[in-house]
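A short worksheet on the structure shown next.
The values are calculated or read from the model by the stated rules, or taken from the named source; none is laboratory data. Computed from a predicted structure; not experimentally measured. Here the Cβ positions follow ideal geometry from the backbone for every residue, glycine too, while neighbour counts run over all protein chains shown.
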Amino acid sequence: MSDLVSRVDSLESQVIKLSDQLQAKDAQIDSLKDEIAELKEANEELREENDELRDELEETNGEVDELNSTIIDLESKQEGWVTEWIDQYRDMLCELHSKELQKGSKLRKDHVMPDLLPDGPDQLKTVKRDGEVFYKAKDLPDDIEANGPDALPYEDLLPIQKLNRMDEDTFNRTTNSDAEELAAELWASRGNRHSPWKQGCKNVREYVSASDLKMWIIRERSDVSQEYAKKLVSRIIDVMHMLTRNRIQVKKKTRRTDGLTYKERRIIIPDDAEIPGESSPTDNQSSPGTSVVTG
């Protein structure tokens with residue numbers, strides 16, 4: 001009897017143990033189910049995110065294709081603009097060369113495109129000077145020679161002298177601002193009766209003060225205000241540095257007016273400034289300008 005009771009107790013212990021194990025397994029299964037559910041949810045979120053990224057990628061690819069198309073279009077237009085600009089510049093240059101040749105100028109052979117000149121290459125002949133070859137108009141006598149800057153080939157002139165050799169239409173197409181036009185006119189006014197330039201001394205060939213330049217601007221441009229004329233003075237100085245290739249200098253000088261003393265800027269052309277076609281005052285007391293062009 002005791003053996004039976006002992007066996008029953010053992011079986012009950014096993015049942016309890018198995019029951020505990022079963023409960024543990026059930027808990028583990030529930031935990032795994034929860035993990036699986038979470039993984040499924042995370043997987044679904046990843047799928048949705050992947051779909052969104054795929055859509056964004058397709059949209060980005062579309063934008064890239066559109067941008068590439070725009071770039072190609074702009075490059076094509078830019079190439080067209082550059083070609084058009086080159087053609088316009090070449091036509092303007094050839095027109096200018098033709099007019100210079102008709103004035104009797106000699107142009108370096110390697111700077112001229114004879115086939116593109118309005119009169120064609122048949123109207124040209126070559127001449128040699130100082131070991132270089134130049135073109136000149138065939139129908140002009142060989143003994144025609146200009147004085148001053150007009151005697152020089154166009155390429156030897158300063159940019160500001162070139163502007164004053166242009167006719168009005170070419171001048172207007174070439175200049176880009178009021179300051180550039182006025183700088184050319186200011187340079188051309190040298191030696192004129194109403195010029196703001198004054199004869200200098202002590203290594204100064206000529207000079208013009210900022211206040212005189214301002215008044216000259218207002219006289220030349222009646223629609224310009226005092227304030228704008230003052231701004232133009234500074235711009236003209238900057239432009240003249242460029243157009244004269246720094247042949248001018250700007251210095252401040254003490255000036256007295258109505259009992260007041262102040263410093264004022266002066267545009268100065270030094271005696272030793274190398275200006276094509278012009279001699280220094282020690283060689284020639286006159287200061288030749290160039291033909292004036294109204295802008």
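Being of a type in the set (Gly, Ala, Ser) and in contact (Cβ under 8 Å) with a residue 40 or more places away in the chain: is that true of Ser98 here? Taking the combined requirement at face value, the residue does not satisfy it.
Please indicate, with yes or no, whether at least one residue in segment 194-217 is β-branched (Val, Ile, Thr) and in contact with a helix residue (DSSP H, G or I) (Cβ under 7 Å, 6 or more places away or on another chain). Yes, because at least one residue in segment 194-217 is β-branched (Val, Ile, Thr) and in contact with a helix residue (DSSP H, G or I) (Cβ under 7 Å, 6 or more places away or on another chain). Apart from one condition, Asp3 fits all of (1) surrounded by 10 or more Cβ atoms within 10 Å (Cβ to Cβ); (2) more than 30 Å from Thr174 (Cβ to Cβ); the exception is (1). Could you please let me know if Thr244 is of a type in the set (Val, Ile, Thr) and surrounded by fewer than 12 Cβ atoms within 10 Å (Cβ to Cβ)? No: the conditions fail for Thr244. Restricting attention to segment 107-131, the residues that are at pLDDT 80 or above and within 34 Å of the chain's Cα centre (by Cα) add up to 11.
Condition check ((1) modelled with pLDDT of 90 or more; (2) of a type outside the set (Val, Ile, Thr)) across all residues:
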site	(1), (2)
Glu180	yes, yes
Val208	yes, no
Arg219	yes, yes
Tyr228	yes, yes
Met242	yes, yes
Arg256	no, yes
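Criterion first (surrounded by fewer than 14 Cβ atoms within 10 Å (Cβ to Cβ), out of contact with any Leu (no Cβ under 8 Å at 6 or more places or on another chain), at pLDDT 85 or above and not basic (Lys, Arg)) does Gln199 satisfy it? In short, yes.
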